[in-house]
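A short worksheet on the structure shown next.
The values are calculated or read from the model by the stated rules, or taken from the named source; none is laboratory data. Remember, predicted model here, so these are calculated numbers, not experimental data. All Cβ positions, glycine included, derive from the backbone under ideal geometry; neighbour counts span all protein chains shown. Remember, those area values only see protein heavy atoms, side chains included, never the ligands or the DNA or RNA. Shrake-Rupley method; radii C 1.70, N 1.55, O 1.52, S 1.80 Å.
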Amino acid sequence: MPDATAARPIGFGALLAEQLRWFWRRLRVWILVVTVLVAGAVSWIIAVIPERELRMGNLVFGSALHPLLLLIALSWAFSAWRDDPPKDRQYFWLHPVSRTKHTVARTLSGALWLLAVLALIVIAVLGTSFLVHGSDGPFGTPRFWLYVGTAICIAYLMASIAPVLSDRPGMWLFGLIAIVILAEIVAAIREIEWLQRVVQVFRGGAYSLGAALTAPTAEAMRLFRGEPAAGSMADPTMAEAAATAEPGAALLIWLPIAVVLYLVAARESRPR
């Protein structure tokens, strides 16, 4: 007869620790490659920036580093469930812990590893800036790095909904993106006001999802132009969503939305 203690429920802390170890075992190569390549590339760019063009570092942060981190966050969300689609998740759900907690622990462990990679990249950026350019180096600002961390968490959580619920997450994620783009085109051509307002929730609006995801770009452009933080506007040549006076407000709106939507998805996730 099996030991009765073998089926004793696992606490969330122990569950999270187990999933952190799982994430490292399964994706350590990807974690190391991303950290080394991104930190190395950004550090090299900062090192070769001429002294008279130090603000170019902020342009690199906003136009190259942050979009790259958003793409990494999307791939991170899919990698977390790459070998465990809902149809093959029976073993995952047989553990002595609630299905929702186990799902949340897996995604949270991925978010923590993602933030750990970001922290190492920030250390590389700050170290290179100080060693090469001294106190005048392009360090970014605490506001910028906070925006980056929040934006990639939003992207990661929103993207995680698809693999948590579907065996074909790519189809759903990119299908929804295509629908939003198509709706924007139709709304502009046909001048449908209600559809334009719906699209504004996702793209272009001051508090849209697009504004939240591009908030670091808006902040980086402000630093590049040397503008004060209050009332700053993103460069008009950048994406429309970045053109918002208060990009931080969009982050504050969409982070809890992303958390709630993900938790609903985790609760609804079930065997197929």
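Some points to look at:
- Extension reserve of the Arg190-Ala47 stretch, reckoned as 0.36 nm per residue once the Cα distance is removed: 46.5 nm
- Where the stretch 52-188 is the region considered: accessible area per residue in Å², 1.4 Å probe: 46
- Cα gyration tensor, the stretch 71-217 - rounded (a/c under 1.5), prolate or oblate: oblate
- Of all accessible heavy-atom area on the stretch 167-213, the percent that carbon and sulfur account for (1.4 Å): 69
- Option label - Kirkwood radius over Cα pairs in Å computed here, alternatives [x] 21.1; [y] 21.7; [z] 20.2: [z]
- The length gained on full extension between Val198 and Leu131, counted as 0.36 nm times the residue separation minus their Cα-Cα distance, comes to 19.3 nm.
- Structure-based [θ]222 nm, the chain - -39500 (n - 2.57) summed over DSSP H runs of at least 4, per residue, nearest 500: -23500 deg cm²/dmol
- Highest-MSF residue in the chain out of Trp254, Trp194, Trp30 [GNM, Cα springs under 10 Å]: Trp194
- Distance in nm between pseudo-label sites at Leu115 and Arg168 (7 Å out along the Cβ direction from Cα): 3.5
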